[in-house]
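The values are calculated or read from the model by the stated rules, or taken from the named source; none is laboratory data. For clarity, every value in this text was computed on a predicted model and none was experimentally measured. Every residue, glycine among them, receives a Cβ derived from its backbone with ideal geometry; neighbour counts consider all protein chains shown. The area values use the complete protein model at the heavy-atom level, side chains included, leaving out ligands, DNA and RNA. Shrake-Rupley method; radii C 1.70, N 1.55, O 1.52, S 1.80 Å.
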There are 2 protein chains.
Amino acid sequence: MPPESMSAATPDLAPIGVLVLRGARIESWHRVSYAVADGAGRVRHAAGAVDRPIFTRSAVKPLQALALVESGAARRFGVSAAELALASASHSGEACHVAAVTGWLARLGLDQSALACGAHAPLHAASAERLLAAGQTPTAVHNNCSGKHAGMLTLARHLGAPLAGYQRPDHPVQRRIAATLAEMAGLAALPTPATDGCGVPTFPLTLKQLAGAFARLGAPQGLGAMRRAACDQIRAAIRAHPRLVAGTGRACTAIMTAAPELLVKTGAEGVYAAALPEGGIGLALKVEDGAGRAAPVALLALLEALGAVPGAACAALAGTARPEIRNHAGQLVGRIEPAPDWPDL
Amino acid sequence: MPPESMSAATPDLAPIGVLVLRGARIESWHRVSYAVADGAGRVRHAAGAVDRPIFTRSAVKPLQALALVESGAARRFGVSAAELALASASHSGEACHVAAVTGWLARLGLDQSALACGAHAPLHAASAERLLAAGQTPTAVHNNCSGKHAGMLTLARHLGAPLAGYQRPDHPVQRRIAATLAEMAGLAALPTPATDGCGVPTFPLTLKQLAGAFARLGAPQGLGAMRRAACDQIRAAIRAHPRLVAGTGRACTAIMTAAPELLVKTGAEGVYAAALPEGGIGLALKVEDGAGRAAPVALLALLEALGAVPGAACAALAGTARPEIRNHAGQLVGRIEPAPDWPDL
């Protein structure tokens, strides 16, 4: 049975946030729930199903990477800022991503066979085509999560835990990561996880909790010294390497290149999270139908409404904020854009 | 501005029809509008935004193919049943589709350069990979709409109209197709079209109108003799060649193979239409967010609720009705399925 909060009659019905236009008409539309919170968990803005736990998916990778730093594993194994960015990444499998993850694994005496994430073709279409045209097949290193998994293997090695099974919920690596995630979300413990696309646990958090966790990541002044330092190090790594966190043409990379004071992270099924360090706030959104095409459009509309995107960055991000739809003949046939009067902040 | 019918407060809010589950929780969900109507346009069942015009996209291809038959073009140019199925198809670009369309064009003295649909990789992943691995690039023949375009070129040749520009709204081919579509939908004229993914006009119809049109296609007894014969010929062609209308592993092919008395046709952005000839009714649905993954799940739930799927076919279609979600490591992590108590027929 769907939870009560999904009934059309309940007040947490998500508003229509994103429109898909074809010619002069609306063809499809997306409902978007969002929460904006500060590091104390106080909610500044909210719409839709913000108290319903959602799977946070890859949006929490920067939070999952904290344990790699705090444990001392990153220092002990000489993990670079670029590698920390990859540990926080949903990368596109471009040459720069593949080379860096391969090198990291080699330093541990490992190769792609140690990765539990499974293989998929590079998200970067041209890279995927080049791979196939060269007669090669994708490996686990091309998986967008391979950097996160390299980080988990590094943590397992540091903890003296078995490498095999590092992805399982009861493995010391995942238990440590879950404990950190719970603390960042302000919870004593996390709900039961499901299995993510790459085989590791994915935990349900409410949008309010996810927004609070990102507020703390961006502005960790109230946290302990170790946690604060880890948050600062992850933020600095991502800021220094926005292309490694996603890739060519991807929204995360474009946004953090144009507005480097922001930290934004996409997750599967229409999730996006952002830290706005200057305002001491975090933002989390979920497109209720899971549409990846709507999530960055919604994110930018929210960030612009919050005044978090400087004018020059808005101009640079116009193609991400209102993407064109072109057909196979190359004609401009439509556009994706925020709904009028949305968001209501 | 979005039309009034899109406001969350209006009574035509589409119910949640399809759930995406991960582990034990709902991860995402899809709202689905639908209408079931008879050939007189009487609505038997309806939910959601059924009076709002939607772009019908490829769902109307069997209706677009009627002009090819009625005009005499199909007979004059020896168009086979397989080719009529391809004219009604969103095919997967498999070898059988490519060979048949290439042969049809050659009979007209044409090749892929005459097609205005643009190129895209075959929808059938293995065929796309083989093409790339062979060092080839996709052509317009691989476009899922290439059969429809071959039919349009055949009609242009028959009408003595220029081949160039056959895709434009004011070309005799498109005017003739639009007139037929309007008649099938019970309209004096169609609203202004937008441009489809393959460059031809796509017309807005309400779900009630689209359901009525498919009721007439399936049970054309009340139509004129020429139209009736054309409907019968298109239906027979599709029924004889369900694999040509879509392809390996695709929902249209699976459903019409398991339940050959049905005619079903998918369209982009979450549209599906079906004719149930035995009941004299038609069905049309739109997933409001445009999700292709939800449309066949919604269609089968509706067809099963209408008693239109025999028991053996239900069993054969279980994987289409409730698709598994597997991650990149091959683990079963979730499922897509109809919402409990949906549809409410």
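Of the helices (runs of 4 or more DSSP H) lying entirely inside the range A:161-259, the ones with 2 or more residues being among the hydroxyl-bearing types (Ser, Thr, Tyr) are found at A:251-258.
Restricted to helices (runs of 4 or more DSSP H) entirely inside the range B:78-160, no element has at least 2 residues that are touching a residue at least 12 places away in the same chain (Cβ under 8 Å) and aromatic (Phe, Trp, Tyr). The residues on offer are A:92, A:113, and the sole one that is under 22 Å from residue A:272 (Cα atoms) and modelled with pLDDT of 95 or more is A:92.
Scanning the range B:85-107 for residues that are open to solvent by 40 Å² or more (accessible area, probe 1.4 Å) and under 15 Å from residue B:243 (Cα atoms) yields a total of 3. Among (1) within 11 Å of another protein chain (Cβ to nearest Cβ); (2) in contact with a strand residue (DSSP E or B) (Cβ under 6 Å, 6 or more places away or on another chain); (3) small (Gly, Ala, Ser), where does residue A:218 come up short? Of (1) within 11 Å of another protein chain (Cβ to nearest Cβ); (2) in contact with a strand residue (DSSP E or B) (Cβ under 6 Å, 6 or more places away or on another chain); (3) small (Gly, Ala, Ser), only one is false for residue A:218: (1). Inside the range A:135-158, can you point out the residues that are surrounded by 21 or more Cβ atoms within 10 Å (Cβ to Cβ) and of a type in the set (S, T, N, Q)? Scanning the range A:135-158 gives A:143, A:144, A:146, A:154.
Assess whether residue A:252 counts as being touching a Cys at 6+ places or on another chain (Cβ under 7 Å), surrounded by 24 or more Cβ atoms within 10 Å (Cβ to Cβ) and either farther than 14 Å from residue A:90 by Cβ or not charged (D, E, K, R) (or both). No. Quick check on the range A:193-215: of everything there that is open to solvent by 10 Å² or more (accessible area, probe 1.4 Å) and of a type in the set (Ser, Thr, Tyr), which residue is nearest to the other protein chains (Cβ to nearest Cβ)? By that ranking, first place goes to A:195.
Given the criteria among the basic types (Lys, Arg) and either farther than 27 Å from residue B:330 by Cα or within 14 Å of another protein chain (Cβ to nearest Cβ) (or both), does residue A:168 qualify? So residue A:168 passes the test. If you check residue B:71 against the conditions, is it within 19 Å of residue B:145 (Cα to Cα) and among the hydroxyl-bearing types (Ser, Thr, Tyr)? Considered against the rule, which asks whether it is within 19 Å of residue B:145 (Cα to Cα) and among the hydroxyl-bearing types (Ser, Thr, Tyr), residue B:71 comes out as no.
Give the residues of the range A:46-62 that are more than 12 Å from chain B (Cβ to nearest Cβ), touching a Ser or Thr at 6+ places or on another chain (Cβ under 6 Å) and open to solvent by 30 Å² or more (accessible area, probe 1.4 Å), sorted by residue number. Answer for the range A:46-62, where residues must be more than 12 Å from chain B (Cβ to nearest Cβ), touching a Ser or Thr at 6+ places or on another chain (Cβ under 6 Å) and open to solvent by 30 Å² or more (accessible area, probe 1.4 Å): just A:51.
Residue selection: residue B:326 fails the criterion of being away from every other protein chain (no Cβ under 13 Å) and open to solvent by 50 Å² or more (accessible area, probe 1.4 Å). Restricting to the range B:262-285, what's the tally of residues that are over 10 Å from the mean Cα position of the chain (by Cα), within 14 Å of another protein chain (Cβ to nearest Cβ) and open to solvent by 10 Å² or more (accessible area, probe 1.4 Å)? Qualifying residue count, the range B:262-285: 1. Applying a threshold of 9 Å to beta carbon distances and a minimum spacing of six or more residues, or different chains, the list of pairs starting in the range B:46-61 at a residue that is among the charged types (D, E, K, R) and ending at one that is at pLDDT below 95 and in a loop (DSSP other than H, G, I, E, B) reads B:51/B:12; B:52/B:3; B:52/B:12. Within the range B:11-45, being among the charged types (D, E, K, R) and either open to solvent by less than 30 Å² (accessible area, probe 1.4 Å) or in contact (Cβ under 8 Å) with a residue 12 or more places away in the chain (or both) holds for B:12, B:22, B:27, B:31, B:38, B:44. The single residue among A:132, A:190, A:110 that is within 14 Å of another protein chain (Cβ to nearest Cβ), open to solvent by 20 Å² or more (accessible area, probe 1.4 Å), of a type in the set (A, V, I, L, M) and farther than 30 Å from residue B:126 by Cα turns out to be A:190. Got at least one residue in the range A:286-303 being open to solvent by 30 Å² or more (accessible area, probe 1.4 Å) and either under 26 Å from residue A:221 (Cα atoms) or modelled with pLDDT under 95 (or both)? No: zero hits. The strands (runs of 3 or more DSSP E) falling completely within the range B:260-345 that include 2 or more residues that are farther than 30 Å from residue A:333 by Cβ and not aliphatic (A, V, I, L, M) map to B:324-326, B:332-338.
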